Ligand SMILES: Cc1ncc(COP(=O)(O)O)c(C=O)c1O
C-alpha cells in the first residue's frame, strides 16, 4: 500500500507542520483518513469550511458551473460573478459597496492596501503589532508578528506598526502620509486577541479625522463566524475596505476586497487586476456558500455555541476563553501542545496559536451542540488523566 505521507514529504516542500493524517473525505464536521478513522474537525479545515466539509450546495453548484463554463477572466461579464458580488454586498449589509475578487487572503490584503494608496495618494499603511495578514511581500510587511517576517529584505511597503488596542499610538501614527489603517478586528493567529471596548469605533473616528481609510481584515472574522454577518453588527464600524477569503468559497480558492461606496467610486479601470480572481467556478462557490450562510443564519448558531462553550468548559485548567462566536481561544494554564496532541489521539482536530497556551477553535459554523460537547468530554478526560499523573 502506498505511504502517501512519505510520497508527499518526498515531492512537496515541508513548509507546514502537519497533522499526521492522510485525509480522504469529509462530511459535515467530520473528516476520514485513509485508514477509515473518523476525526471531529473543530479547526474547520483551517477556518475555511464554514458549511462543513464538502457541502452539497457548493459541490453541486461548482459541478454545474464547471460543465457550463469553467473559466473566463475579467475581460468578459459572467452571471456567476455578478451573483457572487451581489451575495457578498448583501451579506455584508454594505449598500453601494463593490467587490474585487481575487484568490487568497494575502492577495486581498495587498489589493486593499493598494486601493487605499491609490485613492488617498498617500504612501503609508499603519498596522498592528501581533497581526497576521499573509505572506506576499506587502501583506507580510503589514503583518506585525515577527515570527512570520524572517525573510531578510525586500518587503518594500511603507508600513508602521502600533500596539493593538492602543488608540493614542494609532492617533500618533495616523499623520498626513497615512493611506490606511489595516487590522484584524480580532487577532486570530496571535492567540484570539480581542481589543478593548471602544477601540474599533475610536479607530474609525481617527481614520475619518485624518483622511486615512479603515481596512478590516475579515479573512477569519467575516461571514458570520464571530456571531454577526456585517462589520456594523459585529464590531460597530463601517470600514472603507474589508477583505475576505478562507470561508468565502468553502475551499474553492476565492477572496475579495469589498470597497465601501465612497471608495468604490474612486477605483478606476486598471487599478487592480487578477487573471483567476472572479472566475466562474470560484464565483459559483462563493454564491452558494454565502446564500447558505444567509439562509441558515449561521451567525446565530455561532452565538449559541459560544454561549455553550462558555457555560460548559468550566475547567480550572482553562484560565480564560477569548474571542467571539466560533472564533474562540481556550487559554490553558500551561502550554497547549500536549493537550492538542491528546485531542488528536482522541480523534479531535483543533488549532494552536502564536500564544503557546492557546487552543484555537474554528469549527464549521454548522457545528452542533453535541459535537461541541464531544470536545468538552474529551478535555475533561485529558485534564483528569493529567491531574492523576502529577
Ligand atoms: C487574518 C488573516 N489574514 C490573511 C491571511 C492570509 O490568507 P491566505 O493564506 O489565504 O493568503 C490569513 C491566513 O491565515 C489570516 O488569518
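The values are calculated or read from the model by the stated rules, or taken from the named source; none is laboratory data. It should be emphasised that the depicted structure is a prediction, and the values quoted were computed from it without experimental measurement. Cβ atoms come from the backbone with ideal geometry, glycine included; neighbour counts cover every protein chain shown.
Residues of the range 104-134 that are buried (at least 24 other Cβ atoms within 10 Å of the Cβ) and away from the ligand (no atom under 11 Å from the Cβ): 111, 113, 115, 116, 125, 126, 127, 128. The helices (runs of 4 or more DSSP H) located wholly in the range 14-133 that include 3 or more residues which are at pLDDT 95 or above, touching a strand residue (DSSP E or B) at 6+ places or on another chain (Cβ under 9 Å) and closer than 30 Å to residue 176 by Cα occupy 105-120. The residues listed here are 248, 223, 203, 216; of these, the one that is within 13 Å of the ligand (Cβ to nearest atom), assigned to a helix (DSSP H, G or I) and crowded, with 24+ Cβ neighbours inside 10 Å is 248.
The number of residues in the range 226-245 that are within 11 Å of the ligand (Cβ to nearest atom) and within 18 Å of residue 51 (Cα to Cα) comes to 2. Residues satisfying the criterion are absent from the range 274-296 (criterion: part of a helix (DSSP H, G or I), within 21 Å of residue 231 (Cβ to Cβ) and over 22 Å from the mean Cα position of the chain (by Cα)).
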